[in-house]
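Please read the structure below before turning to the comments.
Every number in this text was worked out from the coordinates using simple rules, so none of it is lab data. Values in this document were obtained by computation on a predicted structure and should not be read as measured data. Cβ sites come from the backbone with ideal geometry, for glycine too, and all protein chains shown count toward neighbours.
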Amino acid sequence: MITCLAVLWISSAVANPIHGEIGFDQFRQLKTREIQEHLRLVQEDPLDAIEYFKLGLAYMAMGRHKKEIDAYLEAIRLDANYAKAHFNLAMAYDILKNNEAAISHARKAEVLYGEKRKHRQVRQVRRYLNILNEKYRFLKHK
């Protein structure tokens, strides 16, 4: 979902650079600087799970999904109960067609959001799990 929104935003900015929007090259430069800033911040405080999560978001916007996964995994290593990182990790694994990891992390996010009584997020994860289960169900029969 986040990936789709980022793609729509990027494509609209590229297609219509007027009205205060930026072109793709400008977007790429901004995200490259954002990644560098997040890398600097995690060097300053390597125990900041939130900063690793933000680094993962910046990598996601650039389509660098393996780096995105590494950043989310580090965020989870630092805070195993980081539901949002598990959810985004599920989406990144899905993009890379790693169905088992995607479903596993989506289920973990569902449990963590449930424990925190965040019902809207639980429903969001369940919808995504339904999509994943439908998308990968043919693999279960092999």
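What's the tally of Lys pairs in the stretch 36-140 whose alpha-carbon atoms lie under 19 angstrom apart, where the two lysines are 8 or more places apart or on different chains?
Taking the stretch 36-140 as the scope, the lysine pair count is 16.
Which translational diffusion coefficient, to the nearest whole µm²/s, is obtained for the stretch 37-77 from the Stokes-Einstein equation, given a Kirkwood hydrodynamic radius over C-alpha pairs, 25 °C and 0.890 mPa s?
254
What translational D, rounded to a whole number of µm²/s, comes out for the stretch 36-140 from Stokes-Einstein when the hydrodynamic radius is the Kirkwood one over Cα pairs, at 20 °C and 1.002 mPa s?
Rounded to a whole number, D works out at 154 µm²/s.
Using only alpha carbon pairs under 8 Å that are at least six residues apart, calculate the relative contact order of the stretch 36-140 and give it in whole percent.
Relative contact order here is 18 percent.
Please report how far the C-alpha centroid of the stretch 49-80 lies from that of the stretch 91-126, rounded to the nearest whole angstrom.
After rounding, the separation between the Cα centres reads 15 Å.
Which residues in the stretch 48-71 have a backbone N closer than 15 Å to a point placed 7 Å from the Cα of LYS97 along the Cα-to-Cβ line?
Within reach of a label on LYS97, which here means backbone N under 15 Å from a point 7 Å along Cα→Cβ, the stretch 48-71 contributes nothing.
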